[in-house]
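Let me begin by presenting the structure, written as structure tokens, before commenting on it.
The values are calculated or read from the model by the stated rules, or taken from the named source; none is laboratory data. Because the structure is a prediction, the values reported are computed rather than measured. Note that we place each Cβ from the backbone using ideal geometry, even for glycine, and neighbour counts take in every protein chain shown. These accessible areas exclude ligands, DNA and RNA; they are computed on the full protein's heavy atoms, side chains included. Shrake-Rupley method; radii C 1.70, N 1.55, O 1.52, S 1.80 Å.
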Amino acid sequence: MSQDYRFDLVTAFSTASLNISADNFSSRIPNEFYSGSDLAWVMFSSGLVLLMVPGLGLFYSGISERCSAISMMWLSMMTTALIGIQWFLWGYSITFTGSRRMWGGVGSVAFHSDLTIPWGNKPGTKIPQLSYAFYQGIFACFTAAVVSGAAIRKGRPLHFLVFIFIWSTFVYDPIARSSWNPVGWSNYWKGESSGVFDFAGGTVVHIVSATTSAVYSIFFKWRRTIFRLPRLQQADKDSLNRPYKPHNVVNVVLGTAFLWIGWFGFNGGSALGANLRAVSACISTHLAACAGAVMGSLLEYLAASRRDADAGRFSVVGFCNGAVAGLVAITPAAGYVPYWSAPIFGIAGSFFVALFQDISVAYFDTNEIFVVHGVAGWVGMLLTAGFARADVAALDGYTVIVNHKWEQLGIQISDGLVGMVWSGAMTFLILLFMEAVIIFTRRLRGIPEPDFQLILDQDVILDHEIGDEFTIKTKESNGMALVGLNSHREGHASIPGVGELEAGTFVGGVTRREASRSRSRRFV
């Protein structure tokens, strides 16, 4: 059965509608039905969102220890490449094809269907499905890259890459379908006329990635207890939990700048056209980031005034955290709220992120992903219910919303909670399944549980490309530690203090990588 598409043809004096069948559409030149400006804005916004991935890598690498900096850069980019392939193969098909609420069909597996046809079949901005698929694919990549920050100091990078590939299929894709597919269940909280207000991913991107990061961190903190594995030595615990400051604040600032710029495509591009709603979303994004940055700086200044040594000093990291918190908070609201309210989102987001910042230590969230993305995401979702206006949403010329006020607040809370429960439960089940496979394989092949330090040092995955004194000493330290460990397992005399060695301690001339090359390949 041929599908009909409706196009709005806008002239200087009137607006007319053109109904055309899919068969007729395929036989004509597709470009004549699309707005060049809308198409250009969506493609340009896709590039801006992609720019946020290296920005995120710079941010993570800057606030991490030096030994993990390159790992954070590489992992965010590698995650983007991996999820880009997943999205092409079946991610888009799961998210945007079919008529079911939670799971899509196979209509666009590997983009094999005709994606030059329009996205959607309602009056409004018309862009081809191919551009929409590309834009949403970059969102999937960025969300997974946010989660990559949780992998620091918790295990081998390969373990995380396998996890994130599975996670994107069973967590991100169904939730993205619920919010951004017209048939998704988030659009039917109060009948067909009204659903959740989540413009650019308050739940889909930030709450989901934050919850996943928290569960990932908690799982690895309690992994040895859950599976009754050998407990860590106290020296290893002290090394893992030792306090540290960001090793490269310049990277943090550069990363924040990239994120700030890219967020205009993140929020502004979600209007799916070069229209006034996109303009309003960009202005709201900028004002929220400005207010969040100022608020973050002031809060750090007040906190420093209580410490005599730091009195009267501002914090660059506080500025950056505040800016990112403001950007996260305005994400679900940018296309719904008047831009004069955007500073409220930035101030509230920055304040609550600073208020809950210390809880990250309790569950081993090293990069504070849950606090920054989760708390600020919740602030944005809740405030959207109070400030959303129909006239702002209608700036694109076709969107119609009904704000149910207090009922809308309940819809926002319900949507966020469903996103948290689904992502948290599925993340735990995926990790549980992966760990069961690893333990079963080790026991089947007689492979012992690797030493904790052997796993931890996999953070330095690109140490052979640095070649400075720090790396050389780290490798030499790890090499002697492994030699002592192997001697102990084989019944020979062990080196005193093996379990207490820390990165940067010069103890020998054999690299751990060379000493364990044959054994480490056997570890799953």
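Scanning the stretch 255-278 for residues that are modelled with pLDDT of 95 or more and open to solvent by 50 Å² or more (accessible area, probe 1.4 Å) returns Phe258, Ile261, Phe264. The single condition from (1) at pLDDT 80 or above; (2) open to solvent by less than 50 Å² (accessible area, probe 1.4 Å); (3) closer than 22 Å to Ser37 by Cα that Lys126 fails is (1).
Within the stretch 285-305, no residue that is on the phi > 0 side of the Ramachandran plot sits with its Cβ atom under 7 Å from a residue that is buried (at least 21 other Cβ atoms within 10 Å of the Cβ) and hydroxyl-bearing (Ser, Thr, Tyr) at 6+ positions apart or across chains.
The numbered conditions (1) of a type outside the set (S, T, N, Q); (2) outside any loop (DSSP other than H, G, I, E, B); (3) open to solvent by less than 20 Å² (accessible area, probe 1.4 Å) are all true for Ala333 except (2).
Of the candidates Ala385, Ala376, Ala393, the single residue that is assigned to a helix (DSSP H, G or I), under 30 Å from Ser37 (Cα atoms) and either open to solvent by 70 Å² or more (accessible area, probe 1.4 Å) or in contact (Cβ under 8 Å) with a residue 40 or more places away in the chain (or both) is Ala393. Residue-level analysis places Leu327 outside the set of residues that are at pLDDT below 90, within 20 Å of Ala376 (Cβ to Cβ) and assigned to a helix (DSSP H, G or I).
Among the residues of the stretch 151-174, those that are open to solvent by less than 10 Å² (accessible area, probe 1.4 Å), under 30 Å from Gly195 (Cα atoms) and of a type in the set (Val, Ile, Thr) comprise Ile164, Val171.
Scanning the stretch 428-448 for residues that are of a type in the set (Gly, Ala, Ser) and part of a helix (DSSP H, G or I) yields one hit, Ala436. When Phe88 is tested against (1) open to solvent by 70 Å² or more (accessible area, probe 1.4 Å); (2) at pLDDT below 85, only condition (2) is not met.
Can you confirm whether Val208 is surrounded by 18 or more Cβ atoms within 10 Å (Cβ to Cβ), among the aliphatic types (A, V, I, L, M), touching a Phe, Trp or Tyr at 6+ places or on another chain (Cβ under 9 Å) and at pLDDT below 90? Answer is no for this residue.
Conditions (1) modelled with pLDDT under 95; (2) within 18 Å of Gly380 (Cα to Cα); (3) in a helix (DSSP H, G or I), marked per residue:
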{"position": "Ala289", "(1), (2), (3)": "no, yes, yes"}
{"position": "Gly296", "(1), (2), (3)": "yes, yes, yes"}
{"position": "Leu299", "(1), (2), (3)": "yes, no, yes"}
{"position": "Ala303", "(1), (2), (3)": "yes, no, yes"}
{"position": "Ala309", "(1), (2), (3)": "yes, no, yes"}
{"position": "Phe314", "(1), (2), (3)": "yes, no, no"}
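Residues in the stretch 70-79 that are out of contact with any Asp or Glu (no Cβ under 9 Å at 6 or more places or on another chain) and surrounded by fewer than 24 Cβ atoms within 10 Å (Cβ to Cβ): 4 in all.
In the stretch 177-194 there is at least one residue that is of a type in the set (S, T, N, Q), at pLDDT below 80 and under 24 Å from the mean Cα position of the chain (by Cα). Among the residues that make up the stretch 237-245, is at least one of them open to solvent by less than 30 Å² (accessible area, probe 1.4 Å) and either in contact with a strand residue (DSSP E or B) (Cβ under 8 Å, 6 or more places away or on another chain) or modelled with pLDDT of 90 or more (or both)? Looking through the stretch 237-245, none of the residues is open to solvent by less than 30 Å² (accessible area, probe 1.4 Å) and either in contact with a strand residue (DSSP E or B) (Cβ under 8 Å, 6 or more places away or on another chain) or modelled with pLDDT of 90 or more (or both).
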